[in-house]
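Data first, discussion second: the structure below is written as structure tokens.
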Amino acid sequence: MSIWLELIVSALLLIGCTFALIGAIGLFRLQDFFMRLHGPTKSTTLGVGSIIVASMIFFSSRAEGLSFHELLITLFLFITAPVSAHMLARSAMQQKVKLVERTRGTPWE
Amino acid sequence: MTSRWLPHPLLTLFLTVVWVLLTNSLSVGSWLMGAFLGWGIPLLCQDFLLKTPRLRRPALLLRYMLVVLYDIVAANLNVARLVLGPPKNLRPAFVEVPMEIEDEFVLTLLACVVSLTPGTVSSGLSADHKTLLLHGLDVDDSEQMIAQVKNRYEAPLMEIFECSRT
């Protein structure tokens, strides 16, 4: 594997890890349940995305030929992440989870 | 296009591609197996599959996917910035967006897209399917947000799929 490919793969891995970390920090720092939902639905998609692209480049550059099954991870993530976030939000509204006071608008029952 | 033996041609194509990706080889065997599964699964499950509206503008769908992909990346950067900034400055809000789409499948698609894109998570759909409740992480102006969801994500979907307005 050439040094350039190694550099690209390493850079992508670092970017991916950074976004995954930011997602985790969001989960910790934000103030109420609904705000915390934004961390895992957004920041992690790009994190996982970069790691997947890195994996595709790494395995494709070796002798075994092209490797594309990582794309499925993205597909399943895009299908499942919004659905689970939606269900979590709905159950939180039914439980009447406490909101930050400055939240505008009202959640439904 | 649809017939008794091939009820969902697009689903068949999709399942075939998923199978080929899963086996991670482009050999004739995996294509054949994929085609068999792609043909058999929709046939066995056709009674409980949602009725999907006809795809009217495939080219527009491709463009829409690119826009959404770009927005996902933008959303990631945006949320990262908001998360790392001081949490006191965030202005969270619940916003009700009136929906014009009636079809269940397209509504699901829209709710997913909205959840994946900048600063919003869909958190409820009214029983009559006419209002979508969104939670925004940092909402400046809720009117503007409603307009963005309607123009950027809802309007193209209505053009892509054949579906009636309410």
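Side notes on the structure shown:
- Hey, A:THR74 polar (S, T, N, Q), at pLDDT below 80 and in contact with a helix residue (DSSP H, G or I) (Cβ under 8 Å, 6 or more places away or on another chain) or not: no
- Residue count for region B:93-150, restricted to those that are at pLDDT 80 or above, part of a helix (DSSP H, G or I) and among the hydroxyl-bearing types (Ser, Thr, Tyr): 2.
- Selection of region A:50-71 for residues being closer than 22 Å to B:PHE14 by Cβ, modelled with pLDDT under 85 and assigned to a helix (DSSP H, G or I) yields only A:LEU71.
- Residue in region A:31-60 that is surrounded by the fewest Cβ atoms within 10 Å (Cβ to Cβ), counting only those that are out of contact with any Asp or Glu (no Cβ under 8 Å at 6 or more places or on another chain) and among the hydroxyl-bearing types (Ser, Thr, Tyr): A:SER60
- All conditions but one from (1) more than 7 Å from every other protein chain (Cβ to nearest Cβ); (2) touching a residue at least 24 places away in the same chain (Cβ under 8 Å); (3) within 25 Å of B:GLU96 (Cβ to Cβ) apply to A:ALA85; the one that does not is (1).
- Among residues of region B:1-50, those that are among the hydroxyl-bearing types (Ser, Thr, Tyr), in a helix (DSSP H, G or I) and modelled with pLDDT under 85, counted: 1
- When region B:53-66 is filtered for residues that are under 30 Å from A:ALA24 (Cα atoms) and exposed (fewer than 15 other Cβ atoms within 10 Å of the Cβ), the ones remaining, listed by number, are B:MET65, B:LEU66.
- You will find that of B:VAL95, B:VAL79, B:VAL106, the residue that is touching a residue at least 12 places away in the same chain (Cβ under 8 Å), touching a Pro at 6+ places or on another chain (Cβ under 7 Å) and of a type in the set (A, V, I, L, M) is B:VAL106 and no other.
- Only one entry of B:LEU22, B:LEU37 meets the criterion of being surrounded by fewer than 17 Cβ atoms within 10 Å (Cβ to Cβ) and within 11 Å of chain A (Cβ to nearest Cβ), and that entry is B:LEU22.
- Inclusion of B:PRO53 among residues that are modelled with pLDDT of 80 or more, more than 19 Å from A:ALA81 (Cα to Cα) and either not in a helix (DSSP H, G or I) or not aromatic (Phe, Trp, Tyr) (or both) is not warranted.
- Conditions (1) surrounded by fewer than 21 Cβ atoms within 10 Å (Cβ to Cβ); (2) without any contact (Cβ under 8 Å) to a residue 24 or more places away in the chain; (3) in contact with a strand residue (DSSP E or B) (Cβ under 6 Å, 6 or more places away or on another chain); number of the one not met by B:VAL121: (1)
The values are calculated or read from the model by the stated rules, or taken from the named source; none is laboratory data. Bear in mind that the values here come from a model prediction, so they are computed numbers and not experimental data. Using ideal geometry, Cβ is built from the backbone for each residue, glycine included, and neighbour counts are taken over all protein chains shown.
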